[in-house]
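Rule-based calculations on the coordinates, nothing more; no lab input. The shown structure was predicted, so the numbers you read here are calculated from the model rather than taken from an experiment. Cβ atoms come from the backbone with ideal geometry, glycine included; neighbour counts cover every protein chain shown.
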Amino acid sequence: MVPGMSTEPDGTEFVDRDLEVLRAPTAPPVPAAPASPAPAPLPAPTRDEVDARVAEAQQKMAALKRAQEELERERAALEETRRRLMELKTGREEVVQNLIRGLGLLEEAEFNTRRDAEQMTKALVDLRDALSKVQAINQESWTQESFNVDLTRALTTLEHARMEWNSARVKFRVLSGDGGTDGAGLTPRGEFPPRSLFAAYSISDWCRLGLALTGPLALVGVLALVLLAVLLLRR
């Protein structure tokens with residue numbers, strides 16, 4: 001060995017690794033654990049054990065069936081409750097609408113009936129007053145000097161009574177002996193008969209009627225004027 005040189009081998013030197021492994025001290029072998037004995041096989045179930053297991057399974061199935069039946073009853077009860085709640089909701093809405101509509105119709109009917117009753121009461125008062133005035137006419141009390149005045153007054157009273165009667169007949173169809181009346185014997189609104197021929201037609205109806213009557217005459221007049229103008233131009 002050259003003095004001064006290191007004794008550690010460098011990377012360039014050849015090192016026999018197998019030799020080093022063989023030179024390394026070996027540990028003593030670890031003794032192997034003793035093998036555990038194999039488990040003993042389970043004995044076959046006896047008939048009593050099988051019967052007990054069958055009975056237990058049947059009990060479990062019966063319990064599950066009872067639980068299912070209980071759930072079915074609970075579901076049916078909930079369905080019935082839901083149906084009743086829906087019936088309450090829809091029935092409430094329907095009843096509220098019917099009551100509101102009924103109140104409106106009855107209020108309108110009450111108003112019309114009260115107004116018709118007031119009209120009938122006023123007509124009764126007017127007819128009674130007219131009757132008393134007509135019955136109060138006493139021709140025997142007339143004198144020669146006041147004959148014209150008393151006659152004019154009596155005719156005026158009679159005409160007033162006739163107007164009251166005609167007005168009542170127009171309002172109350174029962175006075176005309178018409179069976180098609182309502183409960184109060186009133187003439188339906190909008191069905192009053194016209195008092196005269198002129199009242200039966202409007203102004204536009206009369207205009208159309210006049211145009212239909214005078215239209216042909218006007219056309220003949222225009223044609224006559226045209227013929228006359230042509231004759232004058234030829235001369």
If one puts a single equal scatterer on every Cα of segment 124-183 and applies the Debye formula without solvent, what log₁₀ I(q)/I(0) results at q = 0.17, 0.22 Å⁻¹? -0.64, -0.86
Which one, Ala109, Gln119, Trp142, projects farthest toward the positive side of the charge dipole computed for segment 100-153 from Cβ point charges (K/R +1, D/E -1)? Ala109
Tell me the volume per residue, in Å³, of the convex hull enclosing the alpha carbons of segment 76-183. 117
